[in-house]
1. Being under 22 Å from the mean Cα position of the chain (by Cα), under 19 Å from GLU320 (Cα atoms) and in a helix (DSSP H, G or I) is the filter here, so list the residues in region 82-138 that pass it.
2. What residue, of SER277, SER196, SER248, is crowded, with 17+ Cβ neighbours inside 10 Å and at pLDDT below 95?
3. Could you please let me know if ILE474 is assigned to a strand (DSSP E or B), crowded, with 16+ Cβ neighbours inside 10 Å, on the phi < 0 side of the Ramachandran plot and at pLDDT 90 or above?
4. Criterion first (crowded, with 16+ Cβ neighbours inside 10 Å, at pLDDT below 95 and either part of a loop (DSSP other than H, G, I, E, B) or not assigned by TED's automatic domain parsing to the domain that holds ALA328 (or both)) does SER313 satisfy it?
5. Spot the failing condition for TRP39; the list is (1) in contact with a Ser or Thr (Cβ under 8 Å, 6 or more places away or on another chain); (2) assigned by TED's automatic domain parsing to the domain that holds THR235; (3) at pLDDT 95 or above, and only one is missed.
6. So, in region 443-476, how many residues would count as being among the polar types (S, T, N, Q) and over 21 Å from THR401 (Cβ atoms)?
7. Inside region 76-98, can you point out the residues that are at pLDDT 90 or above and of a type in the set (Lys, Arg)?
8. For residues in region 440-470 being in contact with a Gly (Cβ under 9 Å, 6 or more places away or on another chain) and touching a residue at least 40 places away in the same chain (Cβ under 8 Å), which is farthest from ARG422 (Cα to Cα)?
Amino acid sequence: MINRIYFERNINKMKKLAFILLFVVATLNLKGQNYKPEWASLDKRPVPQWFEDSKFGIFIHWGVYSVPSWGPTGDSIGVYDKYAEWYWSKLTQPGKVQKYFKDFHLRTYGPNFKYQDFAPQFKAELFNPGQWAELFKQSGAKYVVLTSKHHEGFTLWPSAQSWNWNSVDIGPHRDLCGDLTDAVKKQGLHMGFYYSLYEWFNPLYKSDLNSYVTNHMIPQMKDLVTRYTPDILWTDGEWDKSSKDWKSEDFIAWLYNESTVKENIVINDRWGSETRSKHGGIYTTEYGLVGDAEGIENTLPHPWEECRGIGTSFGYNRTEGLGDYSTAKQLIKLLVSTVSAGGNLLLDIGPAPDGTIPVIMQQRLTEMGNWLKVNGEAIYGTRAFIKNKKDVAINPETNSTIFFTRKDKDIYVICLNWPGDRIVLKNLTTSGSAVATLLGSDKKVPVKISGSRLEIITPQLSPDDYQLAYVFRISGAIK
């Protein structure tokens, strides 16, 4: 009898333990869902919330192309033809654009100077990753994306697949990816990498795509992820082949299921000629061009990101003048209009080959940071302001001076110009009362509510109150 009771008690304990184990396993499975290597499964993986909350990141194009740092400028030149980082490719492309690049190259370097000869001149001798990271922190950016490898194939880390064509074997003789990663993470920012799937002149890519993908590209990407544990992998160069050719689904399944960054990693939509604005992670636009989507407004339900340079090129372009660079006010408008439509801004800088960031770029980033110190609550952690589930965002594309964001029950009204003596908002589902505040000011801001109409009475300002854009926070106005 005693033995039977003892046995039954132990059986009950074992059942309870088994139940607990099953619960734990089920919880872990929910957290680390197993994704199949097919878009129907991969596209179900949500974009990590940290990305949508961050809103502002720094893009960095830096490599061998930074040595010639040259591209044509002017209104007659197409957007993509101004990219200085495409220098090597443009030298070989027939037509008018090649003439610009080839004339400059022959005149400056002579007929026997090959693109590869620029590599020893890419020395990064003044590169101070700590200073870079401090500037990015001051700018108000929350994440950084460095070009680990552009279409030229030169890597900024000691990649075994790019022997003698990387920043450790030649040029800087330094692991640039590793050094910047350490500095950026010390500042509490998220670190990520741009990576080009294709390489213009890699003989293996030209002769045997399957071998290139299997033995070069995928091992290289896995090495990048494993070495530096980035929070973003931003691929490009996808347009040349389909995602099946790139074996993108297989790689992303590894990234989501097995890699050490599977919980936090953010990817974009550039994984094949058919994937942009359709598959992957965040959707990406570039200088306002939106892949297969008809317009930015179509991407509102899905996390997206606009990328562009402070100037007209991603890589440093010495021919750009003051007029080619956006002003601080223009950059704030770009940030505000992007965030108010539900997106992030990835703003690019192009460092010089010695590792210095051009002063005008430092100035623009500092000016943005100063504005965000006062008004950042209207940007970080916000979402596009939707009146209700059936309506589109209040801010249409035609609205070029006043934009809206939302955080919980607070509405932020962002005015690029001082709005005069009042701002009137219509068609709101109001709670009947509200409190308005002008960020960065202690002046009172009266509010009048009449049904679905809300009126903000703006205060009188002095010259000391000037800002690049003005933000009114309205609390308690919406249910």
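1. LYS82, ALA84, GLU85, TRP86
2. So the residue among SER277, SER196, SER248 that is crowded, with 17+ Cβ neighbours inside 10 Å and at pLDDT below 95 is SER277.
3. Details: assigned to a strand (DSSP E or B): yes; crowded, with 16+ Cβ neighbours inside 10 Å: yes; on the phi < 0 side of the Ramachandran plot: yes; at pLDDT 90 or above: yes.
Taking the combined requirement at face value, the residue satisfies it.
4. Spelling it out, it is not the case that SER313 is crowded, with 16+ Cβ neighbours inside 10 Å, at pLDDT below 95 and either part of a loop (DSSP other than H, G, I, E, B) or not assigned by TED's automatic domain parsing to the domain that holds ALA328 (or both).
5. (2)
6. Matching residues across region 443-476 total 4.
7. LYS82, LYS90
8. So the residue we want is GLN467.
The values are calculated or read from the model by the stated rules, or taken from the named source; none is laboratory data. The model shown is predicted, which means the values in this text are computed figures rather than measured ones. Every residue, glycine as well, gets a Cβ built from its backbone with ideal geometry; the counts of neighbours run over all protein chains shown.
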